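Here's the structure we're looking at; comments come further down.
The values are calculated or read from the model by the stated rules, or taken from the named source; none is laboratory data. Remember, predicted model here, so these are calculated numbers, not experimental data. Glycine also receives a Cβ, built like all others from the backbone with ideal geometry; neighbour counts cover every protein chain displayed. All accessible areas refer to the heavy atoms of the entire protein, side chains included, with ligands and DNA or RNA removed. Shrake-Rupley method; radii C 1.70, N 1.55, O 1.52, S 1.80 Å.
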Amino acid sequence: MSRRNIAVGIFIIAGVTLFGIGIFLVGNRHEAFSHYVLLYTEFADLDGITKGSKVQVAGMDAGQVTKIDVPQSPNGQFRVQMKVDDQLLGLVRNDSVVTVDTEGVVGDTFLTIHPGSPNAGVAQAHSVLQSKAPITLSDLLNHGLGVMNDADATMKQVGGKLNVALDGVNGAVGNANDLLVGLKEGRGTAGLLLRDDKMADQIRETMSSVQSTSSNLNQASVRVNSIVADVQERQLPQKLDETMSKINSASSQADATIGQVRQSLAQALGPDANGVTAAQNINETLSNINAATGNMAEDTEALKHNFFFKGFFNQRGYYTLASISPQEYRRSKLFSSARSPRAWLEATSLFQHGTHDSEELSPEGKRSIDAVVASFGDVIFKYPIVVEGYSDAPTPADATSWSYTRAQLVRVYLEARYPFAAKNVGVMPLSGTPPPGMEHNHWSGVCIMIAERK
């Protein structure tokens with residue numbers, strides 16, 4: 001009986017211990033022990049952003065949307081509260097811009113915080129970042145309708161000016177013909193002058209000039225008639241009228257379609273039998289879906305890092321550098337192994353000063369990278385590559401920012417010069433501290449590492 005009680009006690013203690021370890025691992029994956037900073041931004045149109053949407057900084061998962069304040073008037077803006085990991089705060093500057101992006105064409109919508117300039121100050125907690133509104137389909141339709149209206153007005157002005165010019169030419173030809181007929185019949189002052197013998201020679205000279213002028217007018221009339229005939233033969237006025245009719249018809253159909261869409265939306269968004277509008281029902285449904293999806297994602301992430309399922313998900317390839325923090329990277333057996341092939345490049349021989357106090361790869365640095373690729377041989381094209389960035393900047397924020405920028409410069413050069421797939425080349429900003437057990441305890445520059453599985 002005593003042995004049975006001892007066995008039961010050991011089983012209960014083991015179960016409680018495993019339960020505590022599981023709670024700690026789940027909390028660690030959920031980053032319950034991590035530190036976050038609250039940042040804000042404002043949008044006139046959320047374009048699919050909801051509470052729980054992801055927030056990325058320079059393509060790396062950094063947090064999520066925790067709260068959305070609805071404006072009190074149509075002229076107001078939605079105030080979005082974001083929870084951002086303070087480890088990536090060094091990339092977020094006062095001039096950073098927040099945009100709304102999607103994963104592919106029909107993927108999930110998320111917020112992207114673009115890294116600011118190195119000279120700008122680091123964004124403090126509760127800062128309001130600038131935002132860039134997305135372009136909607138309605139804006140494009142309104143712009144196209146304005147272009148069609150401008151084309152309609154221009155064609156009408158051209159037609160009116162052409163008619164005025166033709167009327168003026170016909171009037172000039174008619175007046176010239178009337179003048180010649182009156183001179184031949186002897187009417188008016190010109191007719192009296194023709195009867196005076198003394199003025200005959202002068203009148204003859206004048207008539208010669210008039211005849212020459214009449215000939216020129218006749219030639220002009222012939223040219224005008226030719227132009228009018230060509231215009232009528234080509235049926236330009238009819239084609240212009242048909243084109244304008246088609247444009248007006250298309251505009252009318254577009255207005256009718258928009259009216260039907262508005263009517264359908266008004267009917268669909270109207271209140272139900274309980275007085276609750278469709279928008280309120282949709283918002284409540286989406287909130288429930290987001291909550292369920294978030295719980296499912298959290299459970300899946302917990303399974304990935306659970307003691308019993310970690311090996312399975314690791315072989316499936318569910319880990320990406322975007323979801324690994326620098327601290328986790330240094331603890332990873334895959335990335336911090338001293339047996340993995342590595343090439344250490346110093347910043348003094350790799351970079352040079354560029355514009356606006358920024359760094360860029362020097363010609364000597366590019367030759368150094370080419371030499372590293374040649375020394376690795378074909379093995380560099382078989383396994384994933386990680387470009388570790390290091391900086392000895394005095395402040396932690398500047399060290400993180402400069403180490404990320406240095407790693408990105410080397411990554412862009414490798415992808416542009418060699419046949420690497422973008423998914424097989426990653427970057428990891430490690431400030432100035434390499435993983436433990438390396439040949440260097442402190443570094444400033446980059447390290448190209450091949451993640452070769454042993």
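A few notes on this one:
- Of the residues making up the stretch 408-427, not a single one is within 27 Å of the chain's Cα centre (by Cα), more than 25 Å from residue 60 (Cα to Cα) and touching a residue at least 12 places away in the same chain (Cβ under 8 Å).
- No other residue among 92, 122, 57, 97 is open to solvent by 40 Å² or more (accessible area, probe 1.4 Å) and aliphatic (A, V, I, L, M) apart from 97.
- Any hit, the stretch 385-398, residues being of a type in the set (Gly, Ala, Ser), part of a helix (DSSP H, G or I) and closer than 19 Å to residue 428 by Cα: yes
- Close contacts from the stretch 253-267, counting a first residue that is among the aliphatic types (A, V, I, L, M) and assigned to a helix (DSSP H, G or I) and a second that is open to solvent by less than 70 Å² (accessible area, probe 1.4 Å) and at pLDDT 75 or above, with Cβ to Cβ under 8 Å and a gap of 6+ residues or different chains, come to 254/145.
- Scanning the stretch 75-89 for residues that are buried (at least 19 other Cβ atoms within 10 Å of the Cβ) and part of a strand (DSSP E or B) yields a count of 3.
- For residue 70: the one exception among (1) under 15 Å from residue 129 (Cβ atoms); (2) aliphatic (A, V, I, L, M); (3) open to solvent by 20 Å² or more (accessible area, probe 1.4 Å): (1)
- So residue 400, is it closer than 20 Å to residue 441 by Cα, open to solvent by 40 Å² or more (accessible area, probe 1.4 Å) and modelled with pLDDT of 90 or more: no
- Test result for residue 378, out of contact with any Asp or Glu (no Cβ under 8 Å at 6 or more places or on another chain), at pLDDT below 95 and open to solvent by 20 Å² or more (accessible area, probe 1.4 Å): yes
- Filtering the stretch 328-336 for residues that are out of contact with any Phe, Trp or Tyr (no Cβ under 8 Å at 6 or more places or on another chain), within 24 Å of residue 385 (Cβ to Cβ), surrounded by fewer than 10 Cβ atoms within 10 Å (Cβ to Cβ) and modelled with pLDDT of 65 or more leaves a non-empty set.
- The conditions of being buried (at least 17 other Cβ atoms within 10 Å of the Cβ), assigned to a strand (DSSP E or B), touching a His at 6+ places or on another chain (Cβ under 8 Å) and not basic (Lys, Arg) are met by residue 39.
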